[in-house]
1. Where does the charge balance sit around GLY225 when Lys and Arg score +1, Asp and Glu -1, over other residues with C-beta under 14 Å from its C-beta?
2. Calculate, axis by axis, the spread of Cα positions in the chain along the three principal axes, and write the results as whole Å, longest axis first.
3. Can you give the charge dipole size of the stretch 88-170 about its Cα centre, rounded to the nearest 20 debye, using +1 on the beta carbon of Lys and Arg and -1 on the beta carbon of Asp and Glu?
4. Could you pull the accessible area for THR260 with a 1.4 Å probe, rounded to 10 Å²?
5. Keeping all protein chains in the complex and leaving out DNA, RNA and ligands, what accessible area do you get for TYR205 with a 1.4 Å probe, in Å² to the nearest 10?
6. If I compute solvent accessible area with a 1.4 Å probe over the protein chains, what percent of it on the chain is carbon and sulfur?
7. Report, in order of residue number, the helices in the chain meeting two criteria: a C-alpha extent of 18 Å or more along the helix axis, and a mean Kyte-Doolittle hydropathy of at least 0.0; treat each whole DSSP H run as one helix.
8. Helix-derived [θ] at 222 nm for the chain: sum -39500 (n - 2.57) over DSSP H runs of at least 4, divide by residue count, nearest 500?
Amino acid sequence: NVIVYSSIYGVVCLGLGLVMLTGNIDLSVGFQAGLAGVTTVLSFNAIYQATGGNSILSLVVCILVAMLTGAVTGLFNGFVVAKIGVSPLIATIASNYLFKGLVFYFAQASFAPDDVDTIKLIAKTKIFGLKWLTPSVILFVVIIVLVGLWMYKTRFGNRLHVVGDNPEAAAYSGIPVDKTVLITYIICGVLAAISGFLMVSFDGYTIYTQGNSLSTFPISCCVIGGIKMSGGKGTVVHILLGIIIMRAINTMMQAMFLETYMVNLITGVLLVVVLIIDRFTSSKSADE
């Protein structure tokens, strides 16, 4: 369960982690994923009906549409933050309500693709009969590798830490800070959209509550994994560790049949402790 759920919800954490590395934040990733889930079903059904039941073409198109949706929502956030100069906290709170409103409009009640079995192929197919080995898990591993290579083997990827550590010094050194932040938000949106598609593939339908599950989980994963809230510090490995830790904790609490208030309480206490540790370690590094 930890592996399967990590593959579905972990992709959005990678995107948010990249944004946090630049010293910014995105509080709208949950409903970016939810909106991508809505467009997944809408586009799948539209192509399915237009082609007389071509499931494979419908699947390919809905994946592309979902990713395009994420790119547009990420571009919107990035433009408001990087180009207009609005605080990322305020900007993404506002955009979260915007995306949430669109999701509520289309998915007040759950609605499913015309061919549920095809949409479930990505998240539900058991490779070699193993429950934990699905195409979504393989996709997650591929995305982790690609993001890692992009961060450490390309010039643009290396800019993330510099921009997050000291944006003014980055600007003086010739790094286009605004462009870097804008592209990072776009990538975050695309990765959130992939998570949105995977949620639809796993559940077989979309509904407005799917975005709620990602309201704080990605931030918790990034912080607990070791991504600095101030930016500039952290790796893909940190994000992956945070995803596994948070998913394992949630799975254990569910196995213990803890009530919802206890799950929220324990998660909140753990997050506060990590934030305090992050605050003191950041202060120590600054003093040095």
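1. Numbers: positive: LYS228, LYS233, ARG247; negative: ASP278.
The answer is +2.
2. Principal-axis extents of the chain (Cα, largest first): 64, 45, 36 Å.
3. On the way: 8 positive and 5 negative charges, 53 e Å.
With only Lys, Arg, Asp and Glu charged at Cβ, the dipole is about 260 debye.
4. Ignoring ligands and nucleic acids, THR260 comes out at about 100 Å².
5. 90
6. Of all accessible area on the chain, carbon and sulfur atoms account for 68 percent.
7. 2-21, 29-50, 55-78, 88-106, 135-153, 177-203, 236-255, 260-287
8. -25000 deg cm²/dmol
The values are calculated or read from the model by the stated rules, or taken from the named source; none is laboratory data. Here the structure is a predicted model, which means the values were calculated and not measured. Because the Cβ atoms are built from the backbone with ideal geometry, glycine has one as well, and the counts that use them run over all protein chains shown. Side chains are part of the model used for accessible areas, which takes the heavy atoms of the whole protein and leaves out ligands, DNA and RNA. Shrake-Rupley method; radii C 1.70, N 1.55, O 1.52, S 1.80 Å.
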